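Chemist: This is the structure I have questions about; it appears just below.
The values are calculated or read from the model by the stated rules, or taken from the named source; none is laboratory data. Just so you know, these numbers come straight off a predicted model, no measurement behind them. As a convention, Cβ positions derive from the backbone with ideal geometry for all residues, glycine included, and neighbour counts pool all protein chains shown. In case anyone asks, the SASA skips ligands and DNA or RNA and just uses the protein heavy atoms, side chains included. Shrake-Rupley method; radii C 1.70, N 1.55, O 1.52, S 1.80 Å.
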Amino acid sequence: MRAAAISTPKLDKMPGMFFSANPKELKGTTHSLLDDKMKRRPKTFGMDMKAYLRSMIPHLESGMKSSKSKDVLSAAEVMQWSQSLEKLLANQTGQNVFGSFLKSEFSEENIEFWLACEDYKKTESDLLPCKAEEIYKAFVHSDAAKQINIDFRTRESTAKKIKAPTPTCFDEAQKVIYTLMEKDSYPRFLKSDIYLNLLNDLQANSLK
């Protein structure tokens, strides 16, 4: 059997992004815990995030008008992200920007798991067992370093499914995490400085 490896999301390549030093207990995260974590966040986070966003849209720095090239992000494209989480995640840059927001809230494991599941569905059948075990150990197992916040029944159900893995064995858990992001993180993302500053910069540039 060939060795399998989970495709690493591009989120970890963004400057200024980081992972929490200790595994989190996600069964009942409180506001006080989040507030404490936010206080310890490096002061350079905002500056690094702004630099990253501008690196994705270099025409903002040069003062050039928006191009019709697919490689250039447009204000219209970013505005579409506000229509639904589905449209946001369908866009590669949207995934990255949303991922950076989740990192700022210390919940990046949600999008990393969702992306890992999307990649898993495309896996060749002979590689499913190995990759399923890796995803389970990384995100689903009760001792996982990036344990996702799912209920006990879903966790146990997923554990049973990976014993005879299929392309859909993580679907139930992925749906729970998608719903969590959709109802919790996504609305806050649309009101965040990360999203609004990016949109404002693009809109201002389109008027030049």
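Chemist: Identify, please: which residue in segment 75-115 is assigned to a loop (DSSP other than H, G, I, E, B) and open to solvent by 40 Å² or more (accessible area, probe 1.4 Å) and is, among those, nearest to Val176 (Cα to Cα)?
Modeler: That would be Ala90.
Chemist: Looking at segment 197-208, which of its residues are aliphatic (A, V, I, L, M), over 17 Å from Lys103 (Cβ atoms) and surrounded by 13 or more Cβ atoms within 10 Å (Cβ to Cβ)?
Modeler: Within segment 197-208, Leu199, Leu202 meet the criteria.
Chemist: Let me spell it out: the conditions are (1) open to solvent by less than 30 Å² (accessible area, probe 1.4 Å); (2) over 15 Å from Arg188 (Cα atoms); (3) modelled with pLDDT of 55 or more, and Leu60 meets all of them except one. Which number is the exception?
Modeler: Of the numbered conditions (1) open to solvent by less than 30 Å² (accessible area, probe 1.4 Å); (2) over 15 Å from Arg188 (Cα atoms); (3) modelled with pLDDT of 55 or more, the odd one out for Leu60 is (3).
Chemist: Taking Tyr52 and the conditions (1) of a type outside the set (Lys, Arg); (2) modelled with pLDDT under 95; (3) not in a helix (DSSP H, G or I), which numbered condition does it fall short on, given that it satisfies the others?
Modeler: So the condition that Tyr52 fails would be (3).
Chemist: Can you confirm whether segment 177-189 contains a residue that is open to solvent by 10 Å² or more (accessible area, probe 1.4 Å), in a loop (DSSP other than H, G, I, E, B) and either among the aromatic types (Phe, Trp, Tyr) or within 25 Å of Gly94 (Cα to Cα) (or both)?
Modeler: no
Chemist: Taking only segment 116-173 into account, find how many residues are open to solvent by 70 Å² or more (accessible area, probe 1.4 Å), more than 23 Å from Gly99 (Cα to Cα) and not in a loop (DSSP other than H, G, I, E, B).
Modeler: 7
Chemist: A further question on this structure: Run down Leu198, Leu207 and say which single residue is without any contact (Cβ under 8 Å) to a residue 12 or more places away in the chain and closer than 26 Å to Ala75 by Cα.
Modeler: Leu207
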